[in-house]
Structures are given as structure tokens and as C-alpha cells.
Amino acid sequence: MDPTTDNAGQTGDAGSARASLETLRAEIAKAVVGQDPAVTGLVVALLCRGHVLLEGVPGVAKTLLVRALAAALDVETKRVQFTPDLMPSDVTGSLVYDTRTAEFSFQPGPVFTNLLLADEINRTPPKTQSSLLEAMEERQVTVDGTPRPLPEPFLVAATQNPVEYEGTYPLPEAQLDRFLLKLTIPLPSRQDEIDVLTRHAEGFNPRDLHAAGVRPVAGPADLEAARAAVAKTAVSPEITAYVVDICRATRESPSLTLGVSPRGATALLATSRAWAWLTGRDYVIPDDVKALALPTLRHRVQLRPEAEMEGVTADSVINAILAHAPVPR
């Protein structure tokens with residue numbers, strides 16, 4: 001055995017990267033209380049080169065969570081507040097006429113960054129929402145026929161209010177499918193809310209994360225090493241079949257008009273591998289698939305109106321499928 005290999009079968013660089021990402025999660029907790037699943041989801045998305053949709057009522061620290069992630073990572077970040085009058089060029093950038101040179105020059109939009117916070121993305125019309133599609137999928141922006149690559153790493157973390165809130169536009173299915181994960185941010189427990197208020201009483205300022213002690217503890221090199229290790233995480237044929245069976249079951253569910261696409265199955269396999277590696281294993285087990293099934297699949301299915309009226313949710317349908325799908329041994 002190579003002397004730089006640790007107990008989990010990963011190289012020393014990979015072990016160091018895992019430690020850095022564990023520290024990253026702890027660093028974010030200095031600013032955000034009680035949202036460990038969402039923090040873990042953001043780390044998984046970074047490992048999978050995916051994007052994250054954060055949904056919750058106003059005031060549950062969705063924006064603060066993304067800002068804390070940016071502060072704990074040594075990467076560039078920009079924020080776009082999505083509004084009803086926002087134009088696609090406000091996100092991607094546009095050609096601007098330079099009177100000194102009598103030529104048009106490209107002015108990059110805020111999408112040219114490592115971590116883009118798309119705040120309240122469902123408050124802007126679909127035309128502007130769709131301006132992110134090429135950036136999310138191809139990691140480039142085409143303006144006036146010229147493709148312009150985005151920096152690496154690149155992650156879109158979009159927040160949205162629940163769709164029943166006033167002034168919101170539901171995201172189109174094609175765009176929802178581009179998000180690797182949809183993380184729901186719940187209201188805090190009583191004790192967590194007490195902790196939040198205690199921090200504020202002691203002088204915590206959510207607009208000054210540096211004063212709160214949040215420091216960069218990981219960077220692009222850690223992500224690169226971690227992604228290489230995740231790519232080597234073993235997946236047995238039985239686990240692959242398990243993922244496929246879960247996704248195919250959504251297409252046959254009587255409660256759904258739209259099931260999970262093959263892209264969704266690929267996403268579930270990727271997030272399961274990332275979670276397996278984060279927990280210290282170099283192989284995937286069924287529990288990894290179960291742990292990531294809800295955030296990976298909930299936004300890729302569509303309920304029938306009659307099922308929705310009966311109180312059925314996407315999460316309840318997926319949980320029922322997980323309960324009945326044969327688990328490989």
C-alpha cells in the first residue's frame with residue numbers, strides 16, 4: 001500500500017481536502033445556526049460541480065448561508081437581487097460602445113464569478129430566469145454570437161420564496177432540472193432561535209462576517225483534490241440499479257405527472273458518491289442514496305393537481321418510493 005494512503009483508501013491530498021471541507025462546514029456554523037443539512041448540501045454541490053436552489057420563507061438566513069460559504073471559501077463571489085424589471089443582460093453582461101475606440105467592448109455581468117448568489121430568483125420573469133440556463137449547463141455565456149467561458153469553480157446558489165407567495169414566478173421545469181439540489185430551509189427550532197437572538201444580543205452583525213470570525217479555510221485546490229477523490233469512489237452495479245429503480249418508480253407514480261429524467265438519475269448517483277466520500281468511504285452504500293434522494297429529486301417531479309389538493313407532497317411521494325424499492329445487500 002502506498003504510504004500516503006489513509007484508512008479509507010484515499011490519498012493524503014484527498015484526506016487533507018476532506019479535512020478542509022469539514023472545517024468549511026464548521027466555519028459556516030459561526031454565522032448560521034442550525035442549518036447543517038443545507039451546509040452539507042452546498043458542500044456536496046461544490047464537489048459535484050452542481051448548482052443549488054435554496055427555498056424557504058423570508059428571514060431564515062438563506063442569503064446569509066451563501067454569503068458565509070463565500071467567506072469561508074477563498075473564491076470570488078457576486079450577488080444579484082432578482083427583481084421584476086431585471087433584464088437578461090443585467091446578469092450575463094452586454095456589449096457597450098466605447099466612444100474612444102469607436103468599437104463595441106464586452107462588459108461582463110455578475111455571472112462571471114466563482115459563486116453567484118441569485119437572490120429571490122423567482123421574483124423575476126422567466127425570460128431573465130432563463131438567462132442563467134447556458135451559464136449553469138455549459139459554464140459559458142454567449143453574447144453576440146461569441147461564447148465566453150466562466151471561471152472555475154462556478155456555482156449558482158439561488159434562493160427563492162415558496163411559490164405561493166405573492167409576486168413570484170415558478171421556475172420552468174427545464175431550469176429546475178439544471179439545479180443539482182433543492183434544499184429547503186425550515187424555520188429554526190426554539191433553541192436554535194434562542195441561540196440566534198443571543199448572538200445578535202452579543203453584537204453579531206450578519207453584514208460583517210469578518211467580525212464574526214468567518215475566515216477562508218478552503219480553496220479551489222482543495223475542491224480539485226476532493227473532486228478527483230470523489231470520481232474514484234466505487235459504485236457497484238447493484239447500487240447503480242438501485243438508483244435507476246428509484247428514478248423509474250417516480251415515472252410510474254399515480255401521484256405525479258412528471259417523473260425524474262435520466263439527468264436526475266445521474267445527479268443522484270453523483271451526489272451519493274460525494275456524500276459517501278465526505279463520510280469517509282471510498283464506495284457507495286444504499287444509505288448514501290437514501291440520504292441524498294430528497295434534495296436531489298424533489299424539484300425534478302411534478303405533482304398531479306388532484307394529489308396536491310389531497311395534501312400529497314413531492315417529498316412524501318419520494319419517501320414512499322424509497323420505502324418500497326428493494327434495497328441491494
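For this structure, a couple of remarks:
- Some residue of region 173-180 being outside any helix (DSSP H, G or I), among the aromatic types (Phe, Trp, Tyr) and at pLDDT 90 or above: yes
- Entirely in region 247-329, the helices (runs of 4 or more DSSP H) that have 2 or more residues that are of a type in the set (Lys, Arg): 262-278
- Among the residues making up region 99-129, those that are at pLDDT below 85 and either of a type in the set (Asp, Glu) or open to solvent by 50 Å² or more (accessible area, probe 1.4 Å) (or both) are Thr99, Arg100, Thr101, Ala102, Glu103, Phe104, Pro126, Lys127.
- Condition met for Leu133 (under 21 Å from Glu173 (Cα atoms) and open to solvent by less than 10 Å² (accessible area, probe 1.4 Å)): no
- Selection from region 83-98 of residues that are of a type outside the set (Ser, Thr, Tyr), open to solvent by less than 70 Å² (accessible area, probe 1.4 Å) and over 12 Å from Ser131 (Cα atoms): Leu95, Val96, Asp98
- Scanning region 70-121 for residues that are under 19 Å from the mean Cα position of the chain (by Cα), under 14 Å from Thr159 (Cα atoms) and not in a strand (DSSP E or B) yields Phe82, Glu120, Ile121.
- Of the candidates Asp222, Asp208, the single residue that is out of contact with any Leu (no Cβ under 6 Å at 6 or more places or on another chain), surrounded by fewer than 17 Cβ atoms within 10 Å (Cβ to Cβ) and closer than 29 Å to Val75 by Cβ is Asp208.
- Flag if Gln81 is closer than 30 Å to Val217 by Cα, in contact with a strand residue (DSSP E or B) (Cβ under 7 Å, 6 or more places away or on another chain) and at pLDDT 85 or above: yes
- Taken over region 177-195, residues that are surrounded by 16 or more Cβ atoms within 10 Å (Cβ to Cβ) and aliphatic (A, V, I, L, M) amount to 4.
The values are calculated or read from the model by the stated rules, or taken from the named source; none is laboratory data. Note that this is a predicted model, so its numbers are computed, not measured. Using ideal geometry, Cβ is built from the backbone for each residue, glycine included, and neighbour counts are taken over all protein chains shown. Areas reflect the complete protein model, heavy atoms only, side chains present, ligands, DNA and RNA absent. Shrake-Rupley method; radii C 1.70, N 1.55, O 1.52, S 1.80 Å.
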